[in-house]
Amino acid sequence: MRTKRTKLLSLGLLLLTSCLLIGGAIFTFALFTGSAASGANAFAAGTLKLDVQNDGTGANFPLFVATTDGELKPGRALPGRTLKVLNVGTLPFKLSGLNAALYNDPQTAADDRVLAQGLWVKVFELEASNPTNKLFIWEGRMSDLAVADGVSVAGIQTVYPPSITPTPTVKEISLLIEISMPSDTLTPLADHNGDGFRDDNDYQGLKLRADLGVTGQQLIP
Amino acid sequence: MKKIVLSLLTIAVVAALAAGATFAVFTSTATNPNNTFGTGTLTIKEGTATAEANISNMKPGETKIVKIPVNSTGTLPLNYTVETTLTGTIMLGQAANDPRVSAVWIDNVHKTSLPATDSLSAAGGTDPSDLVEIHITLPSAADNAYQGKTGNLSVTFNATQQ
């Protein structure tokens, strides 16, 4: 009995659905309708915007300047520099990516961008409450940063917008960026022309320019 | 019935996700521009060698000196070694009698261990050039078998960064 009733109900539903699907072209329905508007409901998306500053010189001056840093050679490491990352939007974020745009020096005939394959980059977040604590983020060749969209990283500290008061207080973080030209066998200078040999001498006399970028991403709820 | 509807709904949601639903997230990028990096150059060049005498006309017991100036023309200071090789018909394979490099002097300093080593500053530095003197001796025990034979001295300067 129950089965028969269920079957009838199902058939009825199927018929009704079919009628609706087959469409308004055949059947028209007269319906009374009414509507009411609740006015002035406002929606606004937040803004996610970060800014960077040279922690040593202020403003956004380059962290590394060859004319003052001196020449690189295998085995030399430049002093680490810190890049301040500030939240100037309204949404909190974490670091999510690093990238670099590489340029040749017009004064040299060589492809200076090759040098990016011989530069080893280490990036740390400095803990906001204890800046001597280096929180490792990423390491690799600078050329790795120059691929489309750069590299993804998992930022550790949340950077909150300035409008949030009084806590949490981390509204800017400092990234420590260390760059060296390695001479060890673990991170040999790349065989950039693929001939199977190390091309250390091919890195002589190059002058590379790099724009270093950092990306922040909203927190995923 | 309620369970069936719930199951269908769940399947529909999962299917939508599996079919490639994408999530939008806000991101922002800021750039620190115009960082520059430069590498130095390391280059050693030899000048024209001068022989004190005709090295092809040696006699047993005689020593000839070849003088070769070397210059650093790069931007990095360097260490270098002087590697010598003697070849030719005068090399008869007699260890005691064949001509040999008996001494190397660099800027009037006798280098007692061979291959000789020294260093140069970068071009424009305090010591960008040296005079390398290579002494070649035909031992006095060399006999008539060495008469009329000729030899070649090949000198290689290998420079490495400091």
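The values are calculated or read from the model by the stated rules, or taken from the named source; none is laboratory data. All values derive from a computational prediction rather than experimental measurement. Cβ: placed from backbone, ideal geometry, glycine included. Neighbour counts: every protein chain shown.
For the range A:124-142, the criterion of being within 19 Å of residue B:33 (Cβ to Cβ) and either aliphatic (A, V, I, L, M) or within 12 Å of chain B (Cβ to nearest Cβ) (or both) is satisfied by at least one residue.
Any residue in the range A:77-89 that is of a type in the set (Gly, Ala, Ser), within 9 Å of chain B (Cβ to nearest Cβ) and in contact with a Phe, Trp or Tyr (Cβ under 9 Å, 6 or more places away or on another chain)? Yes - at least one qualifying residue is present in the range A:77-89.
Scanning the range A:49-69 for residues that are small (Gly, Ala, Ser) and more than 8 Å from chain B (Cβ to nearest Cβ), we see that the one that is surrounded by the fewest Cβ atoms within 10 Å (Cβ to Cβ) is A:59. If I filter the range A:26-48 for residues that are in contact with a Leu (Cβ under 6 Å, 6 or more places away or on another chain) and either away from chain B (no Cβ under 14 Å) or at pLDDT 65 or above (or both), do I get at least one hit? Checked the range A:26-48: at least one residue is in contact with a Leu (Cβ under 6 Å, 6 or more places away or on another chain) and either away from chain B (no Cβ under 14 Å) or at pLDDT 65 or above (or both).
Identify the residue in the range B:79-94 that is of a type in the set (Ser, Thr, Tyr) and assigned to a strand (DSSP E or B) and, among all such residues, is farthest from residue B:111 (Cα to Cα). In this case the residue turns out to be B:87.
I need a count of the residues in the range B:33-56 that are part of a loop (DSSP other than H, G, I, E, B), farther than 16 Å from residue B:132 by Cβ and either at pLDDT below 75 or within 7 Å of chain A (Cβ to nearest Cβ) (or both). Number satisfying all stated conditions: 5. Yes or no: residue A:121 facing chain B (nearest Cβ under 9 Å) and either of a type outside the set (Phe, Trp, Tyr) or in contact (Cβ under 8 Å) with a residue 12 or more places away in the chain (or both)? Answer is no for this residue.
Yes/no matrix, rows are residues, columns are (1) under 23 Å from the mean Cα position of the chain (by Cα); (2) buried (at least 16 other Cβ atoms within 10 Å of the Cβ); (3) basic (Lys, Arg):
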site: B:32; (1), (2), (3): no, yes, no
site: B:70; (1), (2), (3): yes, yes, no
site: B:89; (1), (2), (3): no, no, no
site: B:93; (1), (2), (3): no, no, no
site: B:98; (1), (2), (3): no, yes, no
site: B:104; (1), (2), (3): yes, yes, no
site: B:121; (1), (2), (3): yes, no, no
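Screening the range B:106-119 for residues that are touching a strand residue (DSSP E or B) at 6+ places or on another chain (Cβ under 7 Å) and not in a loop (DSSP other than H, G, I, E, B) and picking the one that is surrounded by the most Cβ atoms within 10 Å (Cβ to Cβ) gives B:116.
(1) within 14 Å of chain A (Cβ to nearest Cβ); (2) not in a loop (DSSP other than H, G, I, E, B): which one isn't true of residue B:76, the others all being true? That leaves (2) as the condition not met.
Scanning the range A:199-219 for residues that are more than 7 Å from chain B (Cβ to nearest Cβ) and part of a loop (DSSP other than H, G, I, E, B) yields a total of 2. Could you look through the range A:83-142, keep only residues that are surrounded by fewer than 20 Cβ atoms within 10 Å (Cβ to Cβ) and of a type in the set (Asp, Glu), and pick out the one that is nearest to the chain's Cα centre (by Cα)? Once the filter is applied, the top-ranked residue is A:139.
Among the residues of the range A:167-192, those that are at pLDDT 65 or above and not aliphatic (A, V, I, L, M) comprise A:167, A:169, A:171, A:172, A:174, A:178, A:180, A:182, A:183, A:184. Filtered by the rule that a residue be in contact with a helix residue (DSSP H, G or I) (Cβ under 9 Å, 6 or more places away or on another chain) and among the acidic types (Asp, Glu), the range A:121-169 gives a lone residue, A:144.
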